[in-house]
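Undergrad: Submitted below is the structure of interest, expressed as structure tokens.
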Amino acid sequence: MSSSASAGLVPGPSIGPLTTPTKRAAFAASADAGPSRARPAGVSPAYSSRRHSLYGIEDRIVIDPGSRIWKVGFSGEPDPRSAFYALDMSDVGRTGANEAWDLDPPRMRGVNGSRSEGERLIGVRVLKKLRETFVKHLMTDSKARKVIVIENTFLPIGVKEHIARALFDNLQVPSVSFTPSSLLSLAACGRITGLVVDVGWLESTVTPVFHSRPLYNLARSTPIAGRRSHKHLRVLLQHHANYIPAPSSLSHPLDRPRTQGIPSDLLTDELVQKILTEGCFVGDPHVPGQADELMEVDQTQEEGEAQESARIAQEWKDRYGDSSSAKDMRFSIPFGGSGLGPATIIVPGWIRERAAEILFADDDSEEPSIPRLILDCILKLPIDLRPTLISSMLIVGGTASLPGFIPRLRISLLQHLLPPPSNASSEQPKSPLNTIQSRKEETTMWRKKGHEPYKEIYGLASKVAIINDPAPLDGEGGNKGGKAPRWTPGLMSWVGGSLAGALKTSSAELTRETYDTNVSLSINRGENYKEELEISEIDLSTSVGVNIDDLKVGQAVRYQIDEDDDFRIVRKRGWKDSAGLSDWSRSSIKT
């Protein structure tokens, strides 16, 4: 045996047919890199890298936890390894919820208004999805991987605590870095300043970022987002889509009746989501016509939920039914009824085009639309930051991935920044000065000025630009848009997290040792506070002469000794201690 064989050296590729060639990674730089490109052949650097740090392999795990969709993968890769729903179908069928958590835990479905049950349910769902992330989707050891968690602007603190507790206590990751999603989205475009508009599932947020510093005190949010459009599409389909059931027999497969409206039991969450993502788009702004004037309905009488949804669906059909040029679209439902064939759903073209119109509707409700939300945030900014941020808007989020969403948003912004037509002669009072009629005219003019909330920023209309606009305008303002990489809006924040992990520029890391120390300190503070509270209760009970635990809510103390020389509580309302203070509830009123 030769010395090379005895040393355990592997023969090279030129030795003979018995040689096993080494598989090399083929991650070549390409201008076509993106989420739509097929995954390159070879082994990912996340598995083949030999670089190690104190805690293990340096490639981080990037997790983008959403209330509806999670995206997970390794840093340094162009797209996530997996994207999955945050809620299992079993939970959807049992609780009827569409998201893993809500902005307010008592409002979650299946908890009956209990905050503690909502918090417990969120913790169970978060822990389950984090386990699946490491075991099922990434197939890696959690103890050897640092984690980057992409944090939304208004992520509930309870959800954040559940994520940290599951990662440290259960999965025992070495460190966690909570990084703002707005900052990572701009990093994916190579920028450090911009106005990030995140249109997600639960809410739409607008976060200004200046020199890599998110201005959270100026951020704004609205519940008009993906969940609102999802519910609205369900209502429109339930009343105005056409349903063709499955054939009842093979002898007459084409003899099937067509009914208007889809049964509610067939409108599952998966079907509505499929129609929304595959068939719907955002159309151009609607031009009001004569039909819009007929939509005034007397809402003084109480209406049930079914009547209310039918009325809304009919109003939308009257407004948009005749003005749409989109074609109808068919969707098949497998196992529809008899099982002899699929049932068919015909979605009208006006529903496909106007289902997302609720995101841009400017009604009189307290919830602002997305264009108004952006302009409200611009008004709150300092004057010197307004031109810079309004010319560097970035639209992200899963709902913003609808075709035509970004161009329609730009048009709506320009419409709000367009001064209304005014007549110079009508701006001056026509009546003589210092008369009652002239004062009424001045009051009317003053009220009209209140209908122009964005008059202060009318001059910024020429600077409106969206950096990921697929169809930017020509001119001074338009040529600044459309220069972002061709990532879909839903992947923008995750790609930024992957880039931050590769460059090691994420937020401050919270190590496991620091987390354990903070938890122990918090437990000690809680125990000390509990002991001090018990001591204060004992002192108070001694001074009053009765055990505080024996008192009910609202009970008062009166110094009265019965025949057996026992202390008695004889009345309620107010306290009377040993110092002899008077009871305010029984004080006499002087007249």
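What follows draws every value from the coordinates through simple rules; no lab data is involved. Small disclaimer: the values here were computed from a predicted structure and weren't measured. For neighbour counting, all protein chains shown are included, and Cβ atoms are generated from backbone atoms with ideal geometry for every residue, glycine included.
Undergrad: Separation between the SER332 and THR259 pseudo-spin-labels, each 7 Å from Cα along Cα→Cβ, expressed in nm?
TA: Placing both labels 7 Å beyond Cα along the Cβ direction yields 2.3 nm.
Undergrad: Let me ask you something else. Over the Cα atoms of the range 183-235, what radius of gyration and what Dmax do you get, in Å?
TA: Cα only, the range 183-235: 13.4, 44 Å (Rg, Dmax).
Undergrad: For each pair in LYS463/LYS483; LYS380/LYS483; LYS327/LYS483; LYS231/LYS463; LYS380/LYS455; LYS129/LYS160, compute the distance between the two Cα atoms and list the pairs where it is over 25 Å.
TA: LYS380/LYS483; LYS327/LYS483; LYS231/LYS463
Undergrad: List every residue whose amide H lies under 5 Å from the amide H of PHE74, counting only residues 5 or more places away in sequence or on a different chain, with H placed 1.01 Å from N in the peptide plane.
TA: VAL62, ARG81
Undergrad: Something else about it: Please figure out what share of the DSSP beta bridges in the range 139-235 is antiparallel and state it in percent, rounded to the nearest 5.
TA: 70 percent
Undergrad: Highest mean first, what order results for 305-311, 114-120 on Cβ atoms within 10 Å?
TA: 114-120, 305-311
Undergrad: Here is a follow-up. List every residue whose amide H lies under 5 Å from the amide H of ALA326, counting only residues 5 or more places away in sequence or on a different chain, with H placed 1.01 Å from N in the peptide plane.
TA: Placed amide hydrogens put nothing under 5 Å from ALA326.
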